[in-house]
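The values are calculated or read from the model by the stated rules, or taken from the named source; none is laboratory data. Remember, predicted model here, so these are calculated numbers, not experimental data. Counting neighbours? That spans all protein chains shown, and the Cβs are built from the backbone with ideal geometry, glycine included. With ligands, DNA and RNA removed, areas are computed over all heavy atoms of the protein, side chains included. Shrake-Rupley method; radii C 1.70, N 1.55, O 1.52, S 1.80 Å.
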Amino acid sequence: MKPHRPAIALLVAALLSASPHPVLAEPAPVAATSAAKAPRLIVAIAVDQFSSDLFAQYRSHFTGGLARLTQGAVFPAGYQSHAATETCPGHSTILTGAHPSRTGIIANTWFDLSLQRDKKAVYCAEDETTTAADPNDYVASANHLLVPTLGEWMKQSDPAARNIAVSGKDRGALMMGGHAIDQVYWWKGKGFTTLEGRQSGPTAIAENVGITATLASGSPEYALPVWCAGKDRAVQAGSQAIGTGRFALKPNDANGFRVSPRLDRATLDLALRLVAEQGLGNGKATDLLAVSLSASDYVGHAYGTEGTEMCIQMTQLDAALGDFFAALDARGIDYGVVLTADHGGSDLPERLHEQALPAAARASQGLTAEALSKRIGEKLGLHPKGPLLRSEGPAGDFYIDRTISAKQKRAVVAEFRRIASADPQVAAVFSSEELAAAKAPAGSPEIWSLLERARYSFHASRSGDLVVLLKRGVIAMPEAHPGYVATHGSPWDYDRRVPILFWRKDMVGFEQPNPVETVDIAPTLAAWIGLTVPAGAFDGRCLDLDAGPADSCKVAGQ
Ligand code: ZN
C-alpha cells in the first residue's frame, strides 16, 4: 500500500474529536507486510529518569535484565532531544516517533487561560472537559496526545493486535499506550487503577491483593551491594539528611512503597500477569506491551542520583528486569524489547557542590512567576485580577495574563526579557514568536542550539508567551523538601541523554555510540514488525538493528 499523507490529517482530526477511541473509527490507512520473522510481542520499557549517565555508571555491575539488553543493539547516546525534559513529553516521544512539538505534550503541566474553571493549569494526562467526582482530583486520559502511538497503528493495521500499558504513573502508561488501548493500569494511592469507567480485571485485582499484604506487614531494608559502599555517606538537603537510605518499609507506608524498588517489581509483576491473562505474544498479530517503571524517578527526586538509594535502585531494577525476561522466556514467547527513558537527571546541588561542580545551584526565588509578577506589575503599574504571570516553576513556560492590552503585553514581554536576561542563572529567554519562527533543527541533537532544543518543545496553542532556560547545573527547584530534593527538566544533556537498547533472542549485538533520538524508536519498531505507516507519521528515522549487511529497516514489499 502506497503511503499517503492525508491519513495523518484524518487521524489527528479523529483524535481530537470527542470519541473515546477515534483511531479505530477511521478507515485503516496502514498495511502490514507479511513479516514472518516479526517478533510476536514488542515489550517497550521506559525507565523513568534512567539517564545515559546512570547507565554508564552502573553498566559494569548489571548481571540481570539490563545485562541481557546490553547484548543487543546498544545506543548509549539516545536523545530526548527537546528542551523541556519532563516525564510526560518524554513518554510521548517514545512510541509516537514524534517530538513534543507535534505530540502536543509540551510539559507535565501547562496553562490554558481560556479554561472556565479557576484552576488554569492543565495536567498533561487529564481530561479537563470531565468533571471529576473530587474537584481536587482529575480524570486521567490520553486526550491531550495529538498523534497516534505505535500500538494504535498496530491495531489499525490488524485489530487482533493488543495494545497494553502498565506504569507507576498514569502519564507513563497513557502517553505510551495512547487512546485506543486495550488494558491500561497505573499506580494510584495504594495499588494499581485503570481508566474511569473501566473495571480493573482479575489480574490487577490479584496484584493489588499482594501489594495490600506487603503494605500491611511492611518489608525489611535492602542489602547494600558491595559496589554501593562508597556512596554510603550522608548529605544535608534542606531539613533532612539523605544518601544512606536502604528502603526499610514501615507498615502502611504506601508512599514508602512507591518511592522504592518495590514499585518497579509490582509494575513488572502486573505486566507479566497481563501477558498470561491476555495471551500476549500468542495471538494472530504482534502485540505491544508498554511498561513504564517509575521508581528510579521517584528515588532520584527524593534522594538524588549519587547515594546508596539510587545504587540500590539500579541493582534491584536490573534484578527485577532479569526475572521479568526469564518469565517471558519460560512462556516461550518470541519477543523483542526496547528499553529507554523519558528523560535523564542529575544529582542534588548540595552533593554536586561537594563533588567538583561548584556551579551547581538551586534556582533563585526571584525567577518564580510570583516574584516576577510582583516586580514587573509594580514597575509597569499593571495589577490584573489574576496573576500577571503564571508558570510551573522558575523555568520553562511563562504565560501572561490575557486581560491586559496588547500594548501592555508587549511592555511585559520587554521587561520580563530585560530582567531574566540579566539574571546570572538564566541561559536563554525566548518569546513564543521566536520559537514559532525557528526552523526545525537537523543533524546531531548534541550540538543543537538552545533555541533549536526549545523549538521541539513548542506548540503554538499550548506553549507560554515566554520560555526561560536555566544555565547548566542550575535546577528549577528553589528549595529542597523532604521527598523532593532534585529534579530534571533542563535542556542540558544530563537531562536529555538516555540509553536506547534493543534486544531479541539470538540477535547479533552491536554498539553504536553516535547520537540517535527517542523519536527513532517507533519507526525502528515498526520496521521490525513489518508495519508500514503513512509517510510523515514519524519525526524520527528507522535504526538498522541488523549488525551485518542486512537491514532491519528494509521492510519487504517497500
Ligand atoms: Zn520522568
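Run the dipole for region 87-214 about the Cα centre, Lys and Arg Cβ at +1, Asp and Glu Cβ at -1, nothing else charged, and hand back the magnitude in debye, nearest 20.
In total the dipole reaches around 220 debye.
Ranking request for peptides 486-493, 442-449: highest mean number of other beta-carbon atoms within 10 Å first, then the rest in descending order.
Descending packing order for the listed peptides: 486-493, 442-449.
Rounded to the nearest percent, how much of the accessible area of region 272-392 (1.4 Å probe, protein heavy atoms only) is carbon and sulfur?
Carbon and sulfur together cover 51 percent of it.
Identify, among Ala360, Ala371, Leu321, the residue whose Cα sits farthest towards the positive end of the charge dipole of region 307-384, taking +1 on the Cβ of Lys and Arg and -1 on the Cβ of Asp and Glu, with the dipole about the Cα centre.
Comparing the listed Cα positions along the dipole, Ala371 ranks first.
So for each of 385-395, 524-534, 82-92, 141-151 I average, over its residues, the number of other beta carbons within 10 Å; can you give me the resulting order with the highest mean first?
Peptide ranking by packing, descending: 82-92, 141-151, 524-534, 385-395.
Can you give the FRET efficiency for Asn282 and Ser364, using 1/(1 + (r/R0)^6), R0 = 60 Å, r = Cβ-Cβ distance, to the nearest 0.05?
About 0.60, to the nearest 0.05.
In the neighborhood of Gly238, defined by Cβ-to-Cβ distances under 12 Å, what is the net charge if each Lys or Arg adds +1 and each Asp or Glu adds -1?
-1
What's the magnitude of the charge dipole for region 399-477 around its Cα centre, counting Lys and Arg as +1 and Asp and Glu as -1 at the beta-carbon? Answer in Debye, nearest 20.
120 debye
Leaving out ligands and nucleic acids, note down the accessible area per residue over the chain with a 1.4 angstrom probe, in whole Å².
39 Å²
Considering the dipole of region 392-483 built from charges on the beta carbon (Lys and Arg +1, Asp and Glu -1) around the Cα centre, which of Ala420, Ile404, Gly464 is farthest to its positive end?
Positive-end residue among those listed: Ile404.
Please name which of Tyr298, Leu339, Thr286 has its Cα lying farthest along the dipole of region 273-344 towards the positive end, using unit charges on Cβ (Lys, Arg +1; Asp, Glu -1) and the Cα centre as origin.
Toward the positive end, the furthest listed residue is Thr286.
For the chain, list the DSSP H helices whose alpha carbon atoms reach 20 Å or more along the long axis and whose average Kyte-Doolittle value is 0.5 or above? Write out the running numbers ahead of the final one.
Values: long enough: 202-217 (23 Å, 0.77); 261-278 (26 Å, -0.07); 308-330 (33 Å, 0.61); 406-422 (24 Å, -0.26).
Long hydrophobic helices here: 202-217, 308-330.
With r as the distance between the Cβ atoms of Ala206 and Lys119 and R0 = 45 Å, compute the FRET efficiency 1/(1 + (r/R0)^6) and round to 0.05.
Calculated transfer efficiency: 0.80.
Taking 0.36 nm per intervening residue step and subtracting the Cα-Cα distance, what contour gain separates Lys505 from Arg375 on full extension?
Full extension of this stretch gives 40.8 nm more.
Of the accessible area of region 118-234, with the probe set at 1.4 angstrom, what percent is carbon plus sulfur? Display every interim value, and only then the final one.
Numbers: 2580 of 4820 Å².
Carbon and sulfur together cover 54 percent of it.
Subtract the Cα-Cα distance of Val226 and Lys37 from 0.36 nm times their separation in residues, and report this length gain in nm to one decimal. Before the final figure, lay out the partial values.
Values: separation 189, 0.36 × 189 = 68.04 nm, distance 4.24 nm.
Difference between extended and current length: 63.8 nm.
Might you report the magnitude of the Cβ-based charge dipole of the chain about its Cα centre, with Lys and Arg at +1 and Asp and Glu at -1, to the nearest 20 debye?
780 debye
Based only on Cα atoms, what mean projected area does the convex hull of region 132-213 have, in nm²?
Mean projected area for region 132-213: 6.0 nm², to one decimal.
What per residue convex hull volume, in Å³, do the alpha-carbon atoms of the chain yield?
149 Å³
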